[in-house]
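The values are calculated or read from the model by the stated rules, or taken from the named source; none is laboratory data. These numbers come from a predicted model, not from an experiment. Reconstructed Cβ throughout: ideal geometry from the backbone, glycine too, with neighbour counts over all protein chains shown. For accessibility, only protein heavy atoms count, side chains too; no ligands or nucleic acids. Shrake-Rupley method; radii C 1.70, N 1.55, O 1.52, S 1.80 Å.
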Amino acid sequence: MTVVYWLAYGLLAAGALLSLVRLARGPSLLDRVVATDTLLVIIAAGLAVHAALERDPTVVPVLVVVSLLAFVGSVSVARYIGGMMLRSPKNEPADQPAGEVPR
Amino acid sequence: MTDEPSGVAHQLRHQLPLLVWLVLVWNFLWGTWSWANLLGGIVVALVVTVLLPLPPVVGGTQIRPLGLLRFLGYFLVDLVTSGAEVAWQTIRPSGIGRSAIIRVQLRTDSDLLLTILAESLTLVPGSMVIDMDRERRTLAVHVLHVADEGDVERQRESVLAQEERVVRAFGSAGEIAALGLSADERAEAPGRRTP
Amino acid sequence: MNDISSVGDVVAVVLLLIGSFLCLTAGLGVLRFPDVLTRMHAGTKPQVLGFLLIMLGGAIRLQGWSTTWMLLLVAAFQMLTAPVSAHMISRVAYRRRHVRRDLLLVDDLRSGEARDSVYRGDEPADAPPEEPGRALVESRREDEVHRDDGAQREDGADRERPS
């Protein structure tokens, strides 16, 4: 049992760590959003693994909250960036022929 | 949108699936089934649907059990096989090769069916819907790892097959007929590709 | 208390381990893959398959209907919401040039009406104009230039444009 315990938590922790590295390194905002999303899912998976291995259902409501939180977070950031795009419809760099933008 | 001025009862009929879903969620959240939970769920669902109204889904569907089973079976098999495939591509030393963004000409014209199709395509690992042109009925799908042009064509075919399964599971008779009618569109679809 | 006593427990533990492994591959993919879209693939995969497996294992281990229903609800939420957020992020990513075009074999979106008008060819994935603040400033400057002398700039831009 302890072997399963350590193995599952080890795998999850490694995954969380890797996505944390991406979160720190991620060159753009969207990379960080993706990393945060993945991280939250891994956290939720960890909670579920804990609940299953310990037969302890107290953390199950937390799962609901975490899984919805991931969605709300990533969607609001995506909308935020998309809104910035709408505010500046001509967001092309300098070597861009003018007048081809309408979308 | 054609049946908008039909009164409250009609609107309620459109909202009924949503109401049932909300009541179910409420009961699941409480965990136990009781009359108090059921009544509380109905009250909450009514408040939510009245205060935050959603546009009704035009053109309800009918569910065909056989088609639904086929769709779900294919979906599960797809989920497992391509999940394993993507996991292998992630951990193997050579990593992934090239990806592709393909555009597929669809044949259905129903909001609900297109939503189901897009959701199921995105849920299956390895393919992800990026953009959808509602007027032209095209779907832009990003595919992780394609080997060559033939692979791209295979992905296109699989998107169309998935569409067919969705329509056969949820579509009305007319929509299923539309699948067969525009089979010639499918033949010319590869011609739309740009090099 | 928490020992493995039945076949169901063994199945559940195996499911949990596979799910954890898929979470590890998610982290690995998010770190290894070259651009936002492919990272998104890696990120959404465990959200679906691994999460379902873990939920299944949990439902087997935790006997009791109330927790089973709640786990089912979590799985349903995940399956409904993961594609939506993935789609929104990837669409914004495509339009804001977070995509390594050189790694695409076929890019149908580039042609036609949804053509990406800011494509430059050899742009690295994380080029400076992608940073939101700076892109906004640049686009505002662009707007002013456009407002000043549209026609003249158009010529110049055409000449600069890589073929």
Subject >> Interface burial for C against A (accessible surface, 1.4 Å probe, total of both chains, Å², rounded to 100) >> reply: 6300
Original post:
When the solvent-accessible surface of protein heavy atoms is calculated with a 1.4 angstrom probe, in what order do A:R32, C:R61 fall, highest first?
Top reply: A:R32, C:R61
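Using a 1.4 angstrom probe on the protein heavy atoms only, line up C:Y94, B:Y74, A:Y5 by accessible area, largest first.
B:Y74, A:Y5, C:Y94
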**OP:** Please average, across the residues of B:95-105, the number of beta carbons from any other chain that are within 10 Å of each residue's own beta carbon, and give a whole number.
**Re:** 6
Subject >> Peptide ranges A:38-48, B:138-148 listed from the most packed, as the mean C-beta count within 10 angstrom indicates >> reply: A:38-48, B:138-148
Original post:
How would you order B:35-47, B:160-172 from highest to lowest mean count of nearby Cβ atoms within 10 Å?
Top reply: B:160-172, B:35-47
Original post:
When the Karplus curve 6.51 cos²θ - 1.76 cosθ + 1.60 is applied with θ = phi - 60°, which whole-Hz ³J(HN,Hα) does each residue of the range C:54-61 get, with x for Gly and Pro?
Top reply: 5, 4, 5, x, x, 5, 6, 6
**OP:** Work out from phi, with θ = phi - 60° and the Karplus expression 6.51 cos²θ - 1.76 cosθ + 1.60, the ³J(HN,Hα) of each residue of the range B:87-97, listed in order in whole Hz, and give x for Gly and Pro.
**Re:** 4, 5, 4, 6, 8, 6, x, 6, x, 9, x
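At the nearest 100 Å², what buried accessible area, both sides summed, do you get for C and B when the probe is 1.4 Å?
Numbers: alone 12140 and 12600 Å², together 20690 Å².
Summed over both sides, the interface buries about 4000 Å².
By the gyration tensor of its Cα atoms, with a ≥ b ≥ c the square roots of the eigenvalues, what is the shape of the range C:7-103: rounded for a/c under 1.5, prolate for a/b over b/c, or oblate?
The shape class here is oblate.
To the nearest whole number, what is the average tally of beta carbon atoms from other chains within 10 Å of the beta carbons of peptide A:17-27?
Average neighbour count from other chains, rounded to a whole number: 5.
Can you tell me how the range B:65-188 classifies by the Cα gyration tensor, rounded, prolate or oblate, using a/c under 1.5 as the rounded cut?
prolate
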Original post:
Expressed as a whole number of Å, what is the distance separating the alpha-carbon centroids of the range A:1-74 and the range C:24-49?
Top reply: 13
Original post:
Cα centroids of the range B:61-81 and the range B:91-138: how far apart, whole angstrom?
Top reply: 17
**OP:** Shielding by partners for B:149-157, please: the mean number of other protein chain Cβ atoms within 10 Å of each residue's Cβ.
**Re:** 1
Original post:
Whole-Hz Karplus ³J(HN,Hα) for the range A:7-23, in order, using 6.51 cos²θ - 1.76 cosθ + 1.60 and θ = phi - 60°, x for Gly and Pro?
Top reply: 5, 4, 5, x, 4, 5, 5, 4, x, 5, 5, 4, 6, 5, 4, 5, 4
Original post:
When the scattering of the range A:2-89 is computed by the Debye formula from its Cα atoms alone, each counted once and equally, what is log10 I(q)/I(0) at q = 0.14, 0.16, 0.20 Å⁻¹?
Top reply: -0.59, -0.71, -0.95
Original post:
Amide H of B:V129: which non-local residues (sequence gap of 5 or more, or other chain) have their own amide H closer than 5 Å, using H built in the peptide plane?
Top reply: B:T122, B:H142
Original post:
What net charge do the residues around B:L79 carry, taking every other residue with its C-beta under 12 Å from that of B:L79, with Lys and Arg at +1 and Asp and Glu at -1?
Top reply: -1
**OP:** Compare the peptides C:36-49, B:119-132, B:20-33 by average per-residue count of other Cβ atoms within 10 angstrom and give them in order, highest first.
**Re:** C:36-49, B:119-132, B:20-33
